[in-house]
Amino acid sequence: MALQVELVSPERIAYSGEAKEVIARVVTGDIAFLTGHVPYLGILQSAPVRVLFEDGTELPIAVHQGFVQVADDTVTILSDVCELPDQIDIRRAEAAKAKAEEALRADVGDGEAQDALRRAQTRISVATGVVAGARH
């Protein structure tokens, strides 16, 4: 039996389908969901969500905060922004990363720059396929 997965943003459904496993980063760290998982509601951090399939492949999706809910073998992720690898402009993400790093050199406590850096790193990770623990 597979998980039913939906990653939804206000603009569109980024992914809807079946998966063997979903790995997401919540405020307490990474969490994996398999069939039979207990009901769960968590707050997501800006990080790749990894959708793993039965054939051993996976789909990384850039998620920039939001919520994850699990119930009855269904994983629902709601986020302001969900981006698939082919939807990410890598040059723009690298420019945003450089800008955020420059701002942090000037003020290490700049919360907006820290958030911008996390978003850029997430986008770059998903676009390049270099996601920690990824199986391709």
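The values are calculated or read from the model by the stated rules, or taken from the named source; none is laboratory data. Since this is a predicted model, take the numbers as computed values, not measurements. Cβ coordinates were reconstructed from backbone atoms using ideal geometry, including for glycine residues, and neighbour counts include every protein chain displayed. The accessibility values were calculated without ligands, DNA or RNA, using every heavy atom of the protein model including side chains. Shrake-Rupley method; radii C 1.70, N 1.55, O 1.52, S 1.80 Å.
Summary of computed values
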quantity: Close pairs from the stretch 5-23: first closer than 16 Å to Ala47 by Cα and without any contact (Cβ under 8 Å) to a residue 24 or more places away in the chain, partner open to solvent by 70 Å² or more (accessible area, probe 1.4 Å) and assigned to a loop (DSSP other than H, G, I, E, B), Cβ under 6 Å, at least 6 apart; calculated: none
quantity: Flag for Gln69 being at pLDDT 95 or above and in contact with a Ser or Thr (Cβ under 8 Å, 6 or more places away or on another chain); calculated: yes
quantity: Among residues of the stretch 73-94, those that are more than 29 Å from Ala116 (Cβ to Cβ) and either touching a Pro at 6+ places or on another chain (Cβ under 8 Å) or modelled with pLDDT under 95 (or both), counted; calculated: 0
quantity: Lone unmet requirement of (1) touching a residue at least 12 places away in the same chain (Cβ under 8 Å); (2) of a type in the set (Lys, Arg); (3) farther than 19 Å from Leu44 by Cβ for Arg123; calculated: (3)
quantity: Cβ pairs under 8 Å, 6+ apart, first in the stretch 24-37 and touching a residue at least 40 places away in the same chain (Cβ under 8 Å), second part of a loop (DSSP other than H, G, I, E, B); calculated: Val26/Gln45
quantity: Candidates Gly29, Gly17 - the one that is surrounded by fewer than 20 Cβ atoms within 10 Å (Cβ to Cβ) and more than 20 Å from Val130 (Cα to Cα); calculated: Gly17
quantity: Any chance Val5 is surrounded by 13 or more Cβ atoms within 10 Å (Cβ to Cβ) and either of a type outside the set (A, V, I, L, M) or over 21 Å from Arg118 (Cα atoms) (or both); calculated: yes
quantity: Subset of the stretch 32-45 [open to solvent by less than 80 Å² (accessible area, probe 1.4 Å) and either of a type in the set (Asp, Glu) or part of a strand (DSSP E or B) (or both)]; calculated: Ala32, Phe33, Tyr40, Gly42, Leu44
quantity: Single match in Leu78, Leu104, Leu59 (criterion: farther than 20 Å from Leu34 by Cα and of a type outside the set (Lys, Arg)); calculated: Leu104
